[in-house]
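Here is the structure we will look at, set down as structure tokens.
Computed from the coordinates by the stated procedures, all read-outs in this text should not be read as laboratory data. The model shown is predicted, which means the values in this text are computed figures rather than measured ones. Cβ atoms come from the backbone with ideal geometry, glycine included; neighbour counts cover every protein chain shown.
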2 protein chains.
Amino acid sequence: MNGVRIKDVAAKAGVSTATVSRVLHDNGYVSAAARERVEDALRESGYRINAVARELRKRRTITIGLILHGALSNPFVTEVVVGAEHAAAEQGFSVLLFNARGDAEREYECVETLLSRRVDGIVFTTAVSGDNVQRVVDAGVAAVEIERRLCPAAASVVVDNYDGAQEAMKHLLELGHRRIGYIGEPFPEAQARHEATDIARRRFDAYRDALREAGEPFDEACVVRGDYPREQGGWGGLETGAAYMDRLLAQAPDLTAVFAASDLLAAGALQTLYARGVRVPDRMSLVGFDDTFAPHLAPPLSTVRQPMFEMGFKAASLAITLITDDRAEPPVERCAMSLVVRATTARPGA
Amino acid sequence: MNGVRIKDVAAKAGVSTATVSRVLHDNGYVSAAARERVEDALRESGYRINAVARELRKRRTITIGLILHGALSNPFVTEVVVGAEHAAAEQGFSVLLFNARGDAEREYECVETLLSRRVDGIVFTTAVSGDNVQRVVDAGVAAVEIERRLCPAAASVVVDNYDGAQEAMKHLLELGHRRIGYIGEPFPEAQARHEATDIARRRFDAYRDALREAGEPFDEACVVRGDYPREQGGWGGLETGAAYMDRLLAQAPDLTAVFAASDLLAAGALQTLYARGVRVPDRMSLVGFDDTFAPHLAPPLSTVRQPMFEMGFKAASLAITLITDDRAEPPVERCAMSLVVRATTARPGA
DNA sequence: CTGTTAGCGCTTTCAA
DNA sequence: TTGAAAGCGCTAACAG
């Protein structure tokens, strides 16, 4: 560790530590002569401020914590992190990154660590437990949740999944599709409406409503949602998408388009379509959701874009704002989804 | 900020701060009675240690810095980060994340910030400037470079690109392919051998050597490497892969297999192949490199896997080891590449 | 077994 | 315009 202290610089320049501190932060009165001597001493000694000492003294760390869940491999989370880091860096904040890997217990520990490190704010890239978020609020530290809203006392950055899915359906309907299938994640109908399960539910609701509004009868055969729990380790993943598409092809052979509730599911579907020799979009149109690796697929996938970078950016900005400004009502920022049309959608039979 | 100090707990328990500290860290002698009283006081007061104060006092932050470059969107970097975080967390370390976005200047600033924050070590997920790495070494802080070795005084975690590419070629050759194309990134032949450009060069060298060893004549027409600089904003990307494959198809129509120097390039190639109606692997085999989104493609891409998680994990572990252990020679850890066979490779004309 | 005390390196009154 | 000095909250001798 670099051992040059402010005291050493002061000695070298023949002034007090207070004076050095003043020139360091350019505040208070310092004579030109003294300033010059200090600046020389600073340069010659290769002084580097000790941020830890300053943080202790000022009781502010200029740091925010970012908690995410294993799925950093998930491109969604990745972009959120990039956005958050970007916003933080712009304001001179550092980012402490923790991965709670989907576990509430571990999330709790991350929160505790972050709190004892005295971060100024914490961003949850999707919290697992509302209690953990509440803990942050209770500690008087700015808390921001992304995507899911588990703790009403915390600020949040959300997105309207219903809107997004609606855009996708509108696109398909406008192209002239009538028989449209749905591949998605399960959500126990019976279960109370958690914000969590709501994501899947709202995407599905938009699908069903769009069909109804178009005067199309709702047909169970067009939907594969796997109402079983995370079995065979593949839930919500690539294999699931592939398997669902297979089922769809068998159950509803007259489908001309499919709406997949995530890019991952869509990627799996595309694999089945490729294997079965069903040309996309000629014989089947496909729309995904997220816009993660949609552009990489063959053909490039039309999808609903979640503004991931923006969400991360806003969340971090919000956290930083909240540090100083504390208002009564925790703000809820909404980000807009948008449809990105690429090459998997066309008129039926085109 | 939670205002409960060790002093408050001590007062409440009727002991000195030293005793509280002792029970907190479970060292030194503490009578059962005192311990109990302190533990009660700890619980009742909701005490949370102030890590900043401890860090200042102990002159150790139990934190490592992680510098990466914009390309967190790059799944490669992502996995490295996950691995590094994992290793750090396992050892009780926190991770401070900075994005220098490919810029040496910004990288310099990240280093300075990290150094003034007194991190115990810094991991460069590919450093931009060797001087910046050297700065860390000079400050007496553990430095580890991933993938690229720019500073001989720092430790590093590397991978053998030649080996990896060789695996890919071996696979293709063993399947019986003879006319094998190459799509890759350019590397100015003329330029001095930087470790940087070496990555592309070594992958290509393996391609050429494998062909030679198989007794196949080297044919320029089978190679598209774009010896032009990053023009049209698409260098090394998806569009590049698509365009290169198009050229390859025109230049060397008798190719039965192609080795793409990255998954991204391969994804682009797959798009062209799909558009042209060239079935994979029936009429064309394709191998990628990296194993990032290879499994998501249709068909799932056979590729050379870089152990990204492992590299990140090892880098962070190495950094942490170096913090205590400091040996004369900075260690260089090598990770092995491995071929992952999926569905884009088969015997020619199968 | 326990308490006192001297800092860690910095900022910031306060008085000169 | 400057310096002395009092902490920020914690740890670790050292003395008892």
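Observations, loosely collected:
- When both bridge partners sit in segment B:197-350, DSSP labels roughly 30% of those beta bridges antiparallel.
- Principal-axis tilt of helix B:75-90 within chain B, Cα atoms, nearest 10 degrees: 30 degrees
- Unit charges at the beta carbon, dipole of the protein assembly as shown: most positive-side option, A:His171, B:Ala257, B:Ser94: B:Ser94
- Counted by neighbouring Cβ atoms within 10 Å, the residues A:Ser16, B:Ser129 run from fewest to most as A:Ser16, B:Ser129.
- Taking every DSSP helix (H) stretch of at least 4 residues in chain B, weighting each as -39,500 (n - 2.57) and dividing the sum by the residue count yields a mean residue ellipticity at 222 nm of -14000 deg cm²/dmol.
- Cα centre as origin, Lys/Arg/Asp/Glu Cβ charges: segment B:222-350 dipole, Debye: 500 debye
- Amide hydrogen proximity for A:Ala336: with H placed 1.01 Å from N in the peptide plane, no residue at 5 or more positions away or on another chain lies under 5 Å.
- Along principal axes, Cα extents of segment A:21-90, largest first, whole Å: 56, 24, 19
- B:Arg276-A:Arg276 FRET efficiency (beta carbon distance; Förster radius 22 Å; 0.05 resolution): 0.70
- Relative exposure of A:Asp291, B:Asp198, judged by other C-beta atoms within 10 Å (fewest first): B:Asp198, A:Asp291
- For segment B:199-205, the Karplus equation 6.51 cos²θ - 1.76 cosθ + 1.60, evaluated at θ = phi - 60°, returns couplings of 4, 5, 4, 5, 5, 5, 4 Hz by residue, with Gly and Pro reported as x.
- When B:Ala336 is represented by a point 7 angstrom out along its Cα-to-C-beta vector, the spacings to that point in the other copies are 5.3 nm, nearest first.
- Full-extension gain in nm, B:Arg48 to B:Val341, via 0.36 nm per residue minus C-alpha separation: 100.4 nm
- Gyration tensor analysis over the Cα atoms of the protein assembly as shown returns equivalent ellipsoid semi-axes of 48, 35, 21 Å (largest first, whole Å).
- In a reduced charge model with +1 at each Lys and Arg Cβ and -1 at each Asp and Glu Cβ, chain A shows a dipole moment near 1020 debye about its Cα centre.
- Beta-bridge orientation, the protein assembly as shown: approximately 10 percent antiparallel, per DSSP, counting only bridges with both partners inside.
- Charge dipole (chain B, unit charges on Cβ, about Cα centre) - positive-most of B:Val119, B:Ala33, B:Ala18: B:Ala33
- Per-residue mean of C-beta atoms belonging to partner chains within 10 Å, peptide A:76-86: 4
- Distances in nm from A:Gly277 to the matching label points in the other copies, shortest first (labels 7 Å along Cα to Cβ): 1.3
- Largest-first principal axis extents, alpha carbons of chain A, Å: 87, 39, 35
- If R0 is taken as 25 Å, the Cβ-Cβ distance between B:Arg334 and B:Glu174 corresponds to a FRET efficiency of 0.50.
- Net charge dipole size for the protein assembly as shown [Lys, Arg +1 and Asp, Glu -1 on Cβ; Debye, nearest 20]: 1320 debye
- Residues within the reach of a label modelled at A:Asp40 (point 7 angstrom out along Cα to beta-carbon, backbone nitrogen below 12 Å), restricted to segment A:7-30, are A:12-14.
- For chain A, a Gaussian network of Cα nodes joined below 10 Å ranks A:Ala89, A:Ala51, A:Ala315 by mean-square fluctuation, and the top entry is A:Ala51.
- Taking B:His25, A:His86 and counting other C-beta atoms within 10 Å, the order from fewest to most: B:His25, A:His86
- Taking the C-alpha atoms of segment A:238-325, convex hull volume expressed per residue in Å³: 99 Å³
- Here the Kirkwood formula puts the hydrodynamic radius of segment B:100-169 at 12.7 Å, using every distinct Cα pair.
- Cα centroid separation, segment A:294-326 to segment B:38-71: 30 Å.
- Label spacing, shortest first and in nm, from A:Asp198 to its equivalents in the remaining copies (7 angstrom along Cα→Cβ): 5.4
- The alpha carbon convex hull volume per residue for segment B:73-222 rounds to 142 Å³.
- Whole-Å distance, taken between Cα centres, linking segment B:329-345 and segment B:79-128: 23 Å
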